[in-house]
Amino acid sequence: MSLYIIVGGGDSETELAKLLLGEGHDVVVIEKEKAIAEKLAGTLECLVINGDAANLETLKDAKIEKADGIAILTNEDSINLMITQFAKKLNVKTIVVRVNDAAKKDFFNPLGLTAVVSPTSVIARTVRNSLVEGSEKTLMIFGNGNVELMEVPLPEGLAGKKILDLGMPEDTRVACIYRKGDIVIAHGNKVLEKGDVLVVVAKVGVVKELLGKFALAGIKNV
């Protein structure tokens, strides 16, 4: 059973804790504000520590030496950076950190973390895609904001073709297909059907190239 530490007691952190607990993992939440920590302790079935995670002793109380991963999600980037440095020194395998000011991501990127998440950048790109691309839907942005997981409706004119015949751009992969309420695992010889929705993993700038290929083929995206 894996042990994960969550630093922060907001709504996102609480939902993350519930997800991990629901999967059977051990979870420790560290929250600096006493009232919030007490509320979480009454809500979550895990250890909640009322303490400052920027204090090494607090991290040791959370058994950070045994942790499989830590999510550092406070609203203060300077605090997040300090905790990140502690986690690196203690050789925590998986470190995910929140960066509230996207301009400060450069301070975190050289540290070799598992993921650096900027909520502002994620929201901005998701809204941008909805405004500009229309029918496509961003499901997730990861890889320091450089990779997207997107739903792309299949144009009718491509029904009957195999995935390998789509001429997918480099750095683009079809991960799976939503088909009539089911998830179909994608592979090169999979024949596409009318109404399919492709779940595409691609570098940020490449999805536009994929859609451009559809348009150049004289196919109107649905």
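Rule-based calculations on the coordinates, nothing more; no lab input. This structure is a prediction, so every number in the text was calculated from the model and none was measured. When we count neighbours, we look across all protein chains shown, and the Cβ atoms used for this are built from the backbone with ideal geometry, even at glycine.
What to note about this one:
- Pairs beyond 18 Å (Cα-Cα), from K161/K190; K93/K203; K32/K60: K93/K203
- Sequence of Y178, Y4 once ranked by neighbouring C-beta atoms within 10 Å, starting from the fewest: Y178, Y4
- Per-selection Rg to Rh, region 14-81 - Cα, Kirkwood hydrodynamic radius: 0.93
- On the basis of the beta-carbon distance and an R0 of 25 Å, N55 and S2 show a calculated FRET efficiency of 0.55.
- Intensity falloff of region 3-117 expressed as log10 I(q)/I(0), Debye formula with alpha-carbon point scatterers, at q = 0.09, 0.22 Å⁻¹: -0.20, -1.26
- Extended-chain gain in nm, criterion 0.36 nm per residue less alpha-carbon gap, K18 and K180: 55.3 nm
- Distance from the Cα centroid of region 26-84 to that of region 142-194 is 39 Å (rounded to whole angstrom).
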